[in-house]
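The values are calculated or read from the model by the stated rules, or taken from the named source; none is laboratory data. What you see is a predicted model, and the numbers here were worked out from it, not measured in a lab. Cβ sites come from the backbone with ideal geometry, for glycine too, and all protein chains shown count toward neighbours. What goes into the accessible areas is simple: the full protein's heavy atoms, side chains included, and nothing from ligands, DNA or RNA. Shrake-Rupley method; radii C 1.70, N 1.55, O 1.52, S 1.80 Å.
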Amino acid sequence: MSSLATPPIPPHFHEYQRLSPTRSSGYISTYDTSSSNIQLVGNNTPSNPRKRKASPSSEDDEMSTSPQPANARLPTQQPFSRKKARPNLTGRPLTVDRLLETLEKDSLRSVLKTLADRNPQLRDEILHIAPRPSVNSTLEVLNHYLQELRSSFPLGPNPRSDYSYDRVRPQWNNLLNALTDFTPHFLPPNEGQSSISLTYLDGLTQIIHQLPEWDTAQYNLAKQEAYESISRAWATVIKEASKRAGGIQLQYGGWEEKIREHNQKSRGLMQEAYDELAQSMWLRPSSQAQSSAGLSQSRQDVRNQLFGGTYGSDQQQQQQQQQHQPIMNMRTGNGGW
């Protein structure tokens, strides 16, 4: 047996047992020492199963001026905006830049021409700042004059008559004046590149070929003078081109063939241009002399017919013979339906 004895249990641990209240109960226990009984006293406020949050301190309550609900957001400060007074929208004219954007080519040309007429000192300024005209743009203007001339012809059986000439005389003079004004711009020394000059003269000669001819020989003198002027222009450009690199530029591009065809269509009136080209390209003297003599004689014949008033009579006779030929064939029985 163990020599150690178990100490006795104090009596108050067995006699008085304290009951701990439950959280779900609405009563609390009290201990009455006089009667040694435990009584349950009711609690007026039911217990909250959830844990109560700590209430704000009294200092926070004194500093707050208004109640703050839970999960409330403070209002964000809006940027300060002030409406500006808008003036009334009234009409006003366009600026010069915007006005020029709306003008068409003819209107803009008219405005510049009026300014140059009112202020002559502006002419030199316009010539200085304006770009150089190109060959295509210039030929386009000349073709426009040609189309105006063609559209001005009256309806009638004979467009070569004096009546037709009187009707289209303004357009006829406008075209001839344009040819005279534009051509010197593309000639040396104003134009330093021979290729540009040759290209312009080729296009200009094509326009002269399309000029109408008239029954009255006197009216055809203007076309003859245009051929002679363009021939001298060709000779000037060819002479200048032959000084550069031995005239190698004239040997390429088919200029010999083009000028020869132009001379044939002009009935020898451009012989001066072809002679200058033949001399620059060292063509054979025999063929050059033969062609020069024949074409010079043809040009002299045309000049004599113009001044004698018989130019074009041979063509009219040939046309009349062609018109009477079918009638003769029908009478002789050679023609058939």
Just to make sure I understand: if all protein chains stay in place, what is the order of E213, E261 by accessible area at 1.4 Å, largest first? E261, E213
How would K243, K84 rank on accessible area, largest to smallest, probe 1.4 Å? K84, K243
What length, rounded to one decimal in nm, is gained on full extension from R244 through to D124, with 0.36 nm per residue of separation minus their alpha-carbon distance? 40.0 nm
Could you tell me what percent of the accessible area of the range 150-290 is made up of carbon and sulfur, with a 1.4 Å probe and every protein chain present? 50 percent
Taking the Cβ-Cβ separation of S134 and A85 as r and a Förster radius of 45 Å, what is the calculated FRET efficiency to the nearest 0.05? 0.25
Inter-site label distance for Q210 and Q193 at 7 Å from Cα along Cβ, in nm: 2.5 nm
Which length gain, in nm to one decimal place, applies between H144 and Q264 when the Cα-Cα distance is subtracted from 0.36 nm times their residue separation? 40.6 nm
Net charge around E257, counting only other residues with Cβ within less than 15 Å of its Cβ (Lys, Arg = +1; Asp, Glu = -1)? 0
For the range 171-262 the translational diffusion coefficient, Stokes-Einstein from a Kirkwood Rh over Cα pairs at 25 °C and viscosity 0.890 mPa s, in µm²/s, is roughly 174 µm²/s
Take L155, project a point 7 Å from its Cα along the Cβ direction, then tell me which residues of the range 205-221 have their backbone nitrogen under 11 Å from it. none
Honestly the range 90-200 on the Cα gyration tensor test (a ≥ b ≥ c root eigenvalues; a/c under 1.5 rounded, otherwise a/b vs b/c for prolate or oblate) is just oblate
Tell me the per residue accessible area of the range 94-179 using a 1.4 Å probe; a whole number in Å² is fine. 76 Å²
